[in-house]
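The values are calculated or read from the model by the stated rules, or taken from the named source; none is laboratory data. Please read these numbers as outputs of a predicted model, since none were measured by experiment. So basically every Cβ, Gly included, is an ideal-geometry build from the backbone, and we count neighbours across all protein chains shown.
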Amino acid sequence: MQTQSYYQKAIKFAALKHVEQNQLVPGTKLPYVVHLSNVAMEILIAAQNSTDFDVDFAVQVALLHDTLEDTTTTLEELSEAFGPTIAEGVLALTKNGDLPKSEQMGDSLNRIRKQQKEIWAVKLADRITNLQIPPQHWDTAKKIAYQKEAILILEELKGGNAFLENRLRLKIAEYEKYLQT
């Protein structure tokens, strides 16, 4: 199967799941699939600028990365549709809602580091695409915390994908303009 076929299967699955939740890109009226396709675009470009990168695997995980966290999709359903390796990668990217919020990112990053480097790349790409104009309802403290979390992601996933690490570093610096009150 070609990358395009993997992409189409995953984006259709994810789009349907997120539409069922009426999910939008936070702070916008855009359908959530815009975020998913932006993460996948980061992965496609990173693949062109990386060696030993499984783009077919990574693009599917990029498109599916929020299905367990934000929709009614089960791990079993994801595994059946896309295989256990992709399902486990998505699970690593999913915050554990049973943990206190303050522990969720650290827990997820620990699980991500046990996965192949493409999972690391998806997390980097996800944060790159999320460092856009923050939702209007965020106060300065929330914006600062979000940027600090991006720095943590960059530090914890160092060595995962040099191209995406450089992109994230730039986005973190650009985000400074949103911290001015």
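Would a scan of the stretch 115-138 turn up a residue that is modelled with pLDDT of 95 or more, outside any helix (DSSP H, G or I) and either touching a Gly at 6+ places or on another chain (Cβ under 9 Å) or not hydrophobic (A, V, I, L, M, F, W, C) (or both)?
yes
Quick check: is even one residue across the stretch 120-143 over 21 Å from D54 (Cβ atoms), of a type in the set (S, T, N, Q), in contact with a helix residue (DSSP H, G or I) (Cβ under 6 Å, 6 or more places away or on another chain) and surrounded by 12 or more Cβ atoms within 10 Å (Cβ to Cβ)?
Here is the first cut: in the stretch 120-143, the residues over 21 Å from D54 (Cβ atoms) are 130-143.
When the remaining residues are screened for being of a type in the set (S, T, N, Q), the result is 130, 132, 136, 140.
Adding the requirement that they be in contact with a helix residue (DSSP H, G or I) (Cβ under 6 Å, 6 or more places away or on another chain) leaves none.
No, every residue in the stretch 120-143 fails to be over 21 Å from D54 (Cβ atoms), of a type in the set (S, T, N, Q), in contact with a helix residue (DSSP H, G or I) (Cβ under 6 Å, 6 or more places away or on another chain) and surrounded by 12 or more Cβ atoms within 10 Å (Cβ to Cβ).
Report, by residue number, each residue of the stretch 11-32 that is in a helix (DSSP H, G or I) and within 20 Å of R127 (Cα to Cα).
Step one: filter the stretch 11-32 for residues in a helix (DSSP H, G or I), giving 11-20.
Passing the criteria: I11, A14, A15, H18.
Select from the stretch 56-69 the residues that are surrounded by fewer than 20 Cβ atoms within 10 Å (Cβ to Cβ) and out of contact with any Gly (no Cβ under 9 Å at 6 or more places or on another chain) and list them in ascending order. Write out each step before concluding.
First, pick out the residues of the stretch 56-69 that are surrounded by fewer than 20 Cβ atoms within 10 Å (Cβ to Cβ): 56, 69.
D56 - this is the single residue of the stretch 56-69 that is surrounded by fewer than 20 Cβ atoms within 10 Å (Cβ to Cβ) and out of contact with any Gly (no Cβ under 9 Å at 6 or more places or on another chain).
When the stretch 50-105 is examined, which residues are found to be among the hydrophobic types (A, V, I, L, M, F, W, C) and more than 22 Å from L157 (Cβ to Cβ)? Spell out the reasoning first.
Within the stretch 50-105, the first condition is being among the hydrophobic types (A, V, I, L, M, F, W, C), and the residues that meet it are 53, 55, 57-59, 61-64, 68, 75, 78, 81-82, 86-87, 90-93, 99, 105.
Correct list: L75, L78, A81, F82.
Small (G, A, S) and touching a residue at least 60 places away in the same chain (Cβ under 8 Å): does that describe A81? Break it down into steps so the answer makes sense when it comes.
Numbers: small (G, A, S): yes; touching a residue at least 60 places away in the same chain (Cβ under 8 Å): yes.
So A81 fits the description; yes.
Going residue by residue through the stretch 146-156, is there one that turns out to be assigned to a helix (DSSP H, G or I) and basic (K, R)?
Restricting attention to the stretch 146-156, the residues satisfying the condition of being assigned to a helix (DSSP H, G or I) are 146-156.
Filter once more, so that each one left must be basic (K, R): 148.
Within the stretch 146-156 (the criterion being assigned to a helix (DSSP H, G or I) and basic (K, R)), the answer is yes, since at least one residue qualifies.
Tell me which residues, restricted to the stretch 51-86, are more than 15 Å from A14 (Cβ to Cβ) and part of a loop (DSSP other than H, G, I, E, B).
T51, D52, F53, D54, G83
Among the candidates G89, G160, G106, which residue alone is crowded, with 22+ Cβ neighbours inside 10 Å and either in a helix (DSSP H, G or I) or of a type in the set (S, T, Y) (or both)? Before you say what the answer is, go through the steps one by one.
Numbers: G160 fails: either in a helix (DSSP H, G or I) or of a type in the set (S, T, Y) (or both); G106 fails: crowded, with 22+ Cβ neighbours inside 10 Å.
From the options G89, G160, G106, the qualifying one is G89.
Show the residue pairs meeting these rules: Cβ distance below 8 Å; 6+ apart or different chains; first residue within the stretch 1-27 and without any contact (Cβ under 8 Å) to a residue 60 or more places away in the chain; second residue hydroxyl-bearing (S, T, Y) and part of a helix (DSSP H, G or I).
I11/S37; A14/T67; K17/T67; H18/T67
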